[in-house]
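Asks: Just passing along the structure, written as C-alpha coordinates.
The values are calculated or read from the model by the stated rules, or taken from the named source; none is laboratory data. Note that this is a predicted model, so its numbers are computed, not measured. With ideal geometry, Cβ positions are generated from the backbone for all residues, glycine too; neighbour counts draw on all protein chains shown.
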Amino acid sequence: MNSFYSTLFFWLCLVSLFACGTKETNTQTNSGSSKTLVDVTVAKKEQVKETVDAIGNIVANESAQLAAEQSGRISKIYFDEGTKVNKGKLLLELNNADLKADLKEIESKLNLAKIQLDRTKELLKFEGVSQNQLDEAESKYAELNAQFLKTEAEINKTKVFAPFDGVIGLRKVSEGDNLNASSSFATIVDLENLKIEFAIAEKYLNQIKIGDTIQFTSASNSEIQQAKIYAINSTIDESSRKVALKALYKNSDGKLIPGGFANVRYVINISESSITIPNQAIVPELNGKKVFIVKNGVAQAKKVVSGIRMVDQIEILEGLNDGDTIITTGLLQVRDGMGVSTKMASKIQSGL
(Lines give C-alpha, C1' and ligand atoms only; values in the text may rest on other atoms or scores of the structure.)
Protein backbone atom coordinates (compact mmCIF):
# COMPACT_ATOMS: atom_id res chain seq x y z
CA MET A 1 0.00 0.00 0.00
CA ASN A 2 2.85 2.34 0.94
CA SER A 3 4.51 1.43 -2.35
CA PHE A 4 1.37 2.53 -4.26
CA TYR A 5 1.26 5.97 -2.59
CA SER A 6 4.98 6.45 -3.14
CA THR A 7 4.60 5.75 -6.85
CA LEU A 8 1.60 8.09 -7.13
CA PHE A 9 3.46 10.88 -5.35
CA PHE A 10 6.42 10.44 -7.70
CA TRP A 11 4.27 10.83 -10.84
CA LEU A 12 2.40 13.90 -9.46
CA CYS A 13 5.71 15.64 -8.78
CA LEU A 14 6.93 14.79 -12.27
CA VAL A 15 3.80 16.22 -13.90
CA SER A 16 4.05 19.43 -11.84
CA LEU A 17 7.66 19.92 -12.83
CA PHE A 18 6.79 19.41 -16.51
CA ALA A 19 3.92 21.92 -16.32
CA CYS A 20 6.14 24.53 -14.66
CA GLY A 21 8.80 24.06 -17.32
CA THR A 22 6.28 24.47 -20.12
CA LYS A 23 4.87 27.65 -18.54
CA GLU A 24 8.35 29.10 -18.15
CA THR A 25 9.20 28.28 -21.78
CA ASN A 26 5.97 29.90 -23.03
CA THR A 27 6.67 32.96 -20.91
CA GLN A 28 10.14 33.22 -22.37
CA THR A 29 8.78 32.79 -25.91
CA ASN A 30 6.09 35.43 -25.45
CA SER A 31 8.66 37.79 -23.95
CA GLY A 32 10.96 37.33 -26.93
CA SER A 33 8.19 38.02 -29.51
CA SER A 34 6.58 41.06 -27.84
CA LYS A 35 8.05 43.50 -30.40
CA THR A 36 6.20 43.60 -33.74
CA LEU A 37 8.38 43.84 -36.85
CA VAL A 38 7.33 46.79 -39.07
CA ASP A 39 8.61 48.55 -42.16
CA VAL A 40 9.53 52.20 -41.72
CA THR A 41 10.56 55.15 -43.86
CA VAL A 42 11.90 58.59 -43.06
CA ALA A 43 9.72 61.65 -43.58
CA LYS A 44 11.65 64.26 -45.51
CA LYS A 45 11.11 67.57 -47.22
CA GLU A 46 11.04 67.52 -51.00
CA GLN A 47 9.43 69.15 -54.02
CA VAL A 48 5.74 68.28 -54.37
CA LYS A 49 3.94 68.61 -57.69
CA GLU A 50 0.15 68.78 -57.82
CA THR A 51 -0.78 67.09 -61.10
CA VAL A 52 -3.92 66.50 -63.13
CA ASP A 53 -4.12 63.53 -65.49
CA ALA A 54 -6.35 63.47 -68.56
CA ILE A 55 -6.91 61.60 -71.81
CA GLY A 56 -6.39 63.86 -74.82
CA ASN A 57 -6.41 63.70 -78.59
CA ILE A 58 -3.55 64.31 -81.00
CA VAL A 59 -4.79 66.69 -83.70
CA ALA A 60 -3.10 68.24 -86.73
CA ASN A 61 -2.30 71.92 -86.42
CA GLU A 62 -3.60 72.36 -89.98
CA SER A 63 -5.55 69.84 -92.04
CA ALA A 64 -7.56 70.21 -95.26
CA GLN A 65 -9.55 68.10 -97.68
CA LEU A 66 -8.22 68.93 -101.14
CA ALA A 67 -10.85 69.57 -103.81
CA ALA A 68 -11.30 71.53 -107.06
CA GLU A 69 -13.72 74.47 -107.28
CA GLN A 70 -15.37 73.16 -110.45
CA SER A 71 -16.09 69.84 -112.12
CA GLY A 72 -14.02 68.39 -114.93
CA ARG A 73 -11.75 65.64 -116.18
CA ILE A 74 -8.39 65.29 -114.46
CA SER A 75 -5.62 65.97 -116.96
CA LYS A 76 -2.60 65.88 -114.66
CA ILE A 77 -1.67 64.92 -111.07
CA TYR A 78 1.51 66.60 -109.82
CA PHE A 79 2.07 64.97 -106.41
CA ASP A 80 3.13 61.61 -104.98
CA GLU A 81 1.20 60.07 -102.12
CA GLY A 82 2.70 60.45 -98.66
CA THR A 83 5.18 63.16 -99.67
CA LYS A 84 5.81 66.60 -98.25
CA VAL A 85 4.81 69.60 -100.36
CA ASN A 86 5.31 73.32 -99.94
CA LYS A 87 2.59 75.94 -99.85
CA GLY A 88 1.55 77.02 -103.34
CA LYS A 89 2.69 73.86 -105.13
CA LEU A 90 0.40 72.79 -108.00
CA LEU A 91 -1.14 69.45 -107.04
CA LEU A 92 -3.82 68.68 -109.64
CA GLU A 93 -5.15 70.18 -112.86
CA LEU A 94 -8.43 69.62 -114.68
CA ASN A 95 -8.81 69.79 -118.46
CA ASN A 96 -8.85 73.49 -119.29
CA ALA A 97 -7.70 73.59 -122.93
CA ASP A 98 -10.77 75.58 -124.04
CA LEU A 99 -10.25 78.19 -121.35
CA LYS A 100 -6.57 78.56 -122.23
CA ALA A 101 -7.54 79.10 -125.91
CA ASP A 102 -10.05 81.76 -124.88
CA LEU A 103 -7.38 83.42 -122.76
CA LYS A 104 -4.97 83.64 -125.69
CA GLU A 105 -7.65 85.14 -127.91
CA ILE A 106 -8.54 87.73 -125.29
CA GLU A 107 -4.87 88.48 -124.62
CA SER A 108 -4.35 89.21 -128.34
CA LYS A 109 -7.33 91.56 -128.44
CA LEU A 110 -6.16 93.18 -125.22
CA ASN A 111 -2.70 93.90 -126.65
CA LEU A 112 -4.27 95.49 -129.73
CA ALA A 113 -6.62 97.55 -127.56
CA LYS A 114 -3.65 98.79 -125.57
CA ILE A 115 -1.89 99.93 -128.72
CA GLN A 116 -5.01 101.75 -129.93
CA LEU A 117 -5.46 103.38 -126.54
CA ASP A 118 -1.87 104.66 -126.46
CA ARG A 119 -2.22 105.99 -130.02
CA THR A 120 -5.49 107.76 -129.22
CA LYS A 121 -3.89 109.44 -126.20
CA GLU A 122 -1.08 110.79 -128.42
CA LEU A 123 -3.48 112.03 -131.08
CA LEU A 124 -5.58 113.80 -128.47
CA LYS A 125 -2.58 115.95 -127.58
CA PHE A 126 -2.64 117.40 -131.14
CA GLU A 127 -6.47 117.41 -131.28
CA GLY A 128 -6.36 114.66 -133.88
CA VAL A 129 -9.18 112.82 -132.08
CA SER A 130 -12.00 113.82 -129.78
CA GLN A 131 -12.35 113.07 -126.08
CA ASN A 132 -15.22 110.70 -126.88
CA GLN A 133 -12.89 108.57 -129.02
CA LEU A 134 -10.42 108.36 -126.17
CA ASP A 135 -13.18 107.37 -123.77
CA GLU A 136 -14.28 104.60 -126.15
CA ALA A 137 -10.70 103.30 -126.44
CA GLU A 138 -10.28 103.26 -122.67
CA SER A 139 -13.61 101.49 -122.22
CA LYS A 140 -12.74 98.82 -124.76
CA TYR A 141 -9.37 98.21 -123.16
CA ALA A 142 -10.93 97.96 -119.68
CA GLU A 143 -13.58 95.52 -120.93
CA LEU A 144 -11.01 93.23 -122.56
CA ASN A 145 -8.79 93.40 -119.46
CA ALA A 146 -11.75 92.33 -117.29
CA GLN A 147 -12.45 89.41 -119.66
CA PHE A 148 -8.79 88.43 -119.46
CA LEU A 149 -8.79 88.44 -115.63
CA LYS A 150 -12.09 86.52 -115.51
CA THR A 151 -10.85 83.80 -117.86
CA GLU A 152 -7.58 83.59 -115.93
CA ALA A 153 -9.59 83.09 -112.73
CA GLU A 154 -11.66 80.36 -114.40
CA ILE A 155 -8.45 78.57 -115.36
CA ASN A 156 -7.17 78.81 -111.78
CA LYS A 157 -10.38 77.13 -110.62
CA THR A 158 -9.33 74.07 -112.61
CA LYS A 159 -6.09 73.88 -110.62
CA VAL A 160 -5.54 72.88 -107.00
CA PHE A 161 -2.57 74.28 -105.06
CA ALA A 162 -1.20 73.29 -101.64
CA PRO A 163 -2.80 75.66 -99.08
CA PHE A 164 0.12 75.27 -96.63
CA ASP A 165 3.29 73.24 -96.07
CA GLY A 166 2.29 69.67 -95.27
CA VAL A 167 2.22 65.99 -96.14
CA ILE A 168 -0.18 64.64 -98.76
CA GLY A 169 -2.14 61.53 -97.83
CA LEU A 170 -3.45 58.80 -100.11
CA ARG A 171 -5.14 60.01 -103.28
CA LYS A 172 -8.61 58.83 -104.25
CA VAL A 173 -8.47 59.59 -108.01
CA SER A 174 -6.39 58.95 -111.12
CA GLU A 175 -5.63 60.93 -114.24
CA GLY A 176 -8.61 60.74 -116.59
CA ASP A 177 -11.19 60.52 -113.80
CA ASN A 178 -14.07 62.97 -113.75
CA LEU A 179 -13.89 65.02 -110.57
CA ASN A 180 -16.98 66.71 -109.20
CA ALA A 181 -16.72 70.18 -107.73
CA SER A 182 -15.88 70.15 -103.99
CA SER A 183 -15.21 66.39 -104.04
CA SER A 184 -12.09 65.56 -102.00
CA PHE A 185 -9.31 63.77 -103.87
CA ALA A 186 -6.71 63.75 -101.03
CA THR A 187 -5.87 65.19 -97.63
CA ILE A 188 -3.01 67.48 -96.66
CA VAL A 189 -1.82 67.66 -93.06
CA ASP A 190 0.76 69.79 -91.27
CA LEU A 191 2.78 67.20 -89.33
CA GLU A 192 5.51 69.53 -88.05
CA ASN A 193 3.11 71.10 -85.55
CA LEU A 194 0.52 69.05 -83.67
CA LYS A 195 -2.15 70.01 -81.15
CA ILE A 196 -2.90 68.11 -77.94
CA GLU A 197 -6.55 68.62 -77.03
CA PHE A 198 -7.69 67.68 -73.52
CA ALA A 199 -10.00 68.84 -70.72
CA ILE A 200 -9.67 69.18 -66.94
CA ALA A 201 -12.13 69.84 -64.11
CA GLU A 202 -13.39 73.40 -63.71
CA LYS A 203 -12.01 73.64 -60.15
CA TYR A 204 -8.52 73.99 -61.64
CA LEU A 205 -9.52 76.85 -63.96
CA ASN A 206 -7.80 79.61 -61.95
CA GLN A 207 -4.54 77.64 -61.89
CA ILE A 208 -4.27 77.25 -65.68
CA LYS A 209 -1.91 79.60 -67.48
CA ILE A 210 -1.12 80.14 -71.15
CA GLY A 211 2.45 78.96 -71.76
CA ASP A 212 2.34 76.19 -69.12
CA THR A 213 4.05 72.95 -70.12
CA ILE A 214 2.25 69.60 -70.16
CA GLN A 215 3.71 66.12 -70.46
CA PHE A 216 2.16 63.34 -72.52
CA THR A 217 2.74 59.89 -73.93
CA SER A 218 0.93 58.07 -76.71
CA ALA A 219 0.26 54.51 -77.79
CA SER A 220 2.75 54.85 -80.66
CA ASN A 221 5.46 56.56 -78.59
CA SER A 222 5.99 55.78 -74.90
CA GLU A 223 8.63 58.49 -74.50
CA ILE A 224 7.50 61.45 -72.38
CA GLN A 225 6.93 64.46 -74.66
CA GLN A 226 6.25 68.10 -73.81
CA ALA A 227 3.82 70.62 -75.27
CA LYS A 228 2.89 74.20 -74.36
CA ILE A 229 -0.66 75.35 -73.64
CA TYR A 230 -1.66 78.09 -76.06
CA ALA A 231 -5.46 78.20 -75.82
CA ILE A 232 -8.13 77.85 -73.11
CA ASN A 233 -11.79 77.49 -74.03
CA SER A 234 -13.98 80.45 -73.10
CA THR A 235 -16.75 78.23 -71.69
CA ILE A 236 -17.07 75.18 -69.44
CA ASP A 237 -18.78 72.08 -70.81
CA GLU A 238 -22.13 71.80 -69.02
CA SER A 239 -22.29 68.00 -69.18
CA SER A 240 -18.78 67.18 -67.95
CA ARG A 241 -18.05 70.40 -66.01
CA LYS A 242 -14.63 70.50 -67.62
CA VAL A 243 -12.75 73.19 -69.51
CA ALA A 244 -11.06 72.33 -72.81
CA LEU A 245 -7.40 73.19 -73.44
CA LYS A 246 -5.08 73.03 -76.43
CA ALA A 247 -1.30 72.62 -76.33
CA LEU A 248 1.13 72.91 -79.25
CA TYR A 249 3.75 70.22 -79.84
CA LYS A 250 6.74 70.57 -82.20
CA ASN A 251 6.77 67.23 -84.01
CA SER A 252 10.22 67.79 -85.49
CA ASP A 253 11.11 64.09 -85.66
CA GLY A 254 7.76 63.17 -87.25
CA LYS A 255 7.17 60.25 -84.86
CA LEU A 256 3.58 61.23 -84.08
CA ILE A 257 0.66 61.53 -86.47
CA PRO A 258 -2.82 62.97 -85.86
CA GLY A 259 -5.73 60.82 -84.78
CA GLY A 260 -4.19 59.04 -81.80
CA PHE A 261 -4.83 59.60 -78.10
CA ALA A 262 -2.49 61.08 -75.52
CA ASN A 263 -2.05 60.37 -71.81
CA VAL A 264 -1.67 63.90 -70.48
CA ARG A 265 -0.15 65.02 -67.18
CA TYR A 266 -0.45 68.70 -66.25
CA VAL A 267 1.51 70.06 -63.27
CA ILE A 268 -0.73 72.85 -61.95
CA ASN A 269 1.10 73.65 -58.71
CA ILE A 270 4.59 73.07 -57.25
CA SER A 271 5.53 73.22 -53.56
CA GLU A 272 9.31 73.39 -53.25
CA SER A 273 9.65 72.10 -49.65
CA SER A 274 6.95 69.83 -48.23
CA ILE A 275 7.07 66.78 -45.98
CA THR A 276 5.92 63.64 -47.80
CA ILE A 277 5.25 60.08 -46.65
CA PRO A 278 3.87 56.95 -48.37
CA ASN A 279 0.09 56.86 -48.80
CA GLN A 280 -0.19 53.56 -46.90
CA ALA A 281 1.22 55.17 -43.74
CA ILE A 282 -1.99 57.16 -43.23
CA VAL A 283 -4.51 55.69 -40.77
CA PRO A 284 -8.04 57.18 -41.21
CA GLU A 285 -10.02 58.09 -38.08
CA LEU A 286 -13.50 59.45 -37.46
CA ASN A 287 -12.15 62.90 -36.67
CA GLY A 288 -9.17 63.01 -39.01
CA LYS A 289 -6.02 61.08 -39.84
CA LYS A 290 -3.01 59.81 -37.96
CA VAL A 291 0.33 58.12 -38.51
CA PHE A 292 2.62 56.12 -36.27
CA ILE A 293 6.19 57.28 -35.73
CA VAL A 294 8.93 55.34 -33.96
CA LYS A 295 11.02 56.86 -31.17
CA ASN A 296 13.45 54.77 -29.14
CA GLY A 297 11.83 51.56 -30.37
CA VAL A 298 8.31 52.62 -29.33
CA ALA A 299 5.38 53.44 -31.64
CA GLN A 300 3.73 56.85 -31.11
CA ALA A 301 0.48 57.99 -32.75
CA LYS A 302 0.53 61.46 -34.33
CA LYS A 303 -2.48 63.33 -35.73
CA VAL A 304 -1.70 64.85 -39.12
CA VAL A 305 -3.23 67.17 -41.70
CA SER A 306 -2.63 66.01 -45.28
CA GLY A 307 -2.34 67.99 -48.49
CA ILE A 308 -1.71 66.89 -52.07
CA ARG A 309 -2.11 63.16 -52.74
CA MET A 310 0.20 61.80 -55.42
CA VAL A 311 0.51 58.35 -57.00
CA ASP A 312 2.25 56.74 -54.00
CA GLN A 313 3.07 59.68 -51.71
CA ILE A 314 1.03 62.21 -49.74
CA GLU A 315 1.94 65.68 -48.55
CA ILE A 316 1.76 66.34 -44.80
CA LEU A 317 0.92 69.92 -43.87
CA GLU A 318 0.84 69.53 -40.07
CA GLY A 319 1.83 66.94 -37.44
CA LEU A 320 5.22 65.68 -38.60
CA ASN A 321 8.78 66.93 -38.63
CA ASP A 322 11.49 66.45 -41.20
CA GLY A 323 13.36 63.24 -40.30
CA ASP A 324 10.56 61.49 -38.35
CA THR A 325 10.59 57.69 -38.70
CA ILE A 326 7.20 56.60 -40.08
CA ILE A 327 5.66 53.11 -39.83
CA THR A 328 4.33 51.92 -43.20
CA THR A 329 3.30 48.29 -42.53
CA GLY A 330 1.62 46.30 -39.77
CA LEU A 331 -0.59 49.27 -38.88
CA LEU A 332 -3.51 47.05 -37.83
CA GLN A 333 -1.37 45.48 -35.09
CA VAL A 334 0.44 48.62 -33.95
CA ARG A 335 -0.84 50.51 -30.90
CA ASP A 336 0.31 53.73 -29.30
CA GLY A 337 3.16 52.98 -26.88
CA MET A 338 3.85 49.48 -28.29
CA GLY A 339 7.43 48.37 -28.68
CA VAL A 340 8.39 47.62 -32.29
CA SER A 341 11.39 46.40 -34.22
CA THR A 342 11.98 48.10 -37.57
CA LYS A 343 13.44 47.65 -41.03
CA MET A 344 13.63 50.23 -43.81
CA ALA A 345 11.01 49.91 -46.54
CA SER A 346 12.07 49.88 -50.19
CA LYS A 347 11.22 53.08 -52.11
CA ILE A 348 8.47 52.86 -54.74
CA GLN A 349 9.25 54.49 -58.05
CA SER A 350 6.49 56.22 -59.96
CA GLY A 351 6.31 57.63 -63.47
CA LEU A 352 3.93 59.27 -65.88
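Asks: Counting only residues that are within 35 Å of the chain's Cα centre (by Cα), give me the strands (runs of 3 or more DSSP E) lying completely in the range 234-352 with at least 3 of them.
Replies: 242-250, 261-278, 298-309, 313-318
Asks: Name the residue, out of LYS159, LYS121, that is surrounded by 13 or more Cβ atoms within 10 Å (Cβ to Cβ), closer than 30 Å to PRO258 by Cα and among the basic types (Lys, Arg).
Replies: Only one candidate qualifies: LYS159.
Asks: Further question: Between residues in the range 257-278 that are at pLDDT 85 or above and residues that are among the small types (Gly, Ala, Ser) and not in a strand (DSSP E or B), which pairs lie under 8 Å by C-beta distance while being six or more apart or on different chains?
Replies: Close Cβ pairs satisfying both conditions: ILE257/SER220; GLY260/ALA219; GLY260/SER220; PHE261/ALA219; ILE275/ALA43; THR276/ALA43; ILE277/ALA43; PRO278/ALA345.
Asks: Can you give me the number of residues within the range 146-188 that are more than 23 Å from ASN86 (Cα to Cα), charged (D, E, K, R) and not assigned by TED's automatic domain parsing to the domain that holds LEU99?
Replies: 1
Asks: Sticking with this one: Residue under question is LEU103, and the condition is that it be touching a residue at least 24 places away in the same chain (Cβ under 8 Å), aliphatic (A, V, I, L, M) and loosely packed, with under 13 Cβ neighbours inside 10 Å; does it hold?
Replies: no
Asks: With SER184, SER218 as the choices, which residue is in contact (Cβ under 8 Å) with a residue 12 or more places away in the chain and more than 12 Å from the chain's Cα centre (by Cα)?
Replies: Selected residue: SER184, the only one of SER184, SER218 that is in contact (Cβ under 8 Å) with a residue 12 or more places away in the chain and more than 12 Å from the chain's Cα centre (by Cα).
Asks: Considering ILE314, ILE257, ILE293, which residue is more than 23 Å from ASP212 (Cβ to Cβ), surrounded by 15 or more Cβ atoms within 10 Å (Cβ to Cβ), among the β-branched types (Val, Ile, Thr) and assigned by TED's automatic domain parsing to the domain that holds PHE198?
Replies: ILE257
Asks: Contact list please: Cβ distance under 8 Å, first residue in the range 60-75 and more than 17 Å from GLY176 (Cβ to Cβ) and touching a residue at least 12 places away in the same chain (Cβ under 8 Å), second residue outside any loop (DSSP other than H, G, I, E, B) and of a type in the set (Ser, Thr, Tyr), pairs at least six apart or on different chains.
Replies: The qualifying pairs are SER63/THR187; ALA64/THR187; GLN65/SER184; GLN65/THR187; LEU66/SER184; LEU66/THR187; ALA67/SER184.
Asks: Within the range 184-200, can one find any residue that is in a loop (DSSP other than H, G, I, E, B) and touching an Asp or Glu at 6+ places or on another chain (Cβ under 9 Å)?
Replies: yes
Asks: Mind listing whichever residues of the range 173-213 are of a type outside the set (Gly, Ala, Ser), farther than 30 Å from TYR78 by Cβ and exposed (fewer than 15 other Cβ atoms within 10 Å of the Cβ)?
Replies: Listed by number, the residues that qualify are GLU202, LYS203, LEU205, ASN206, GLN207, LYS209, ILE210, THR213.
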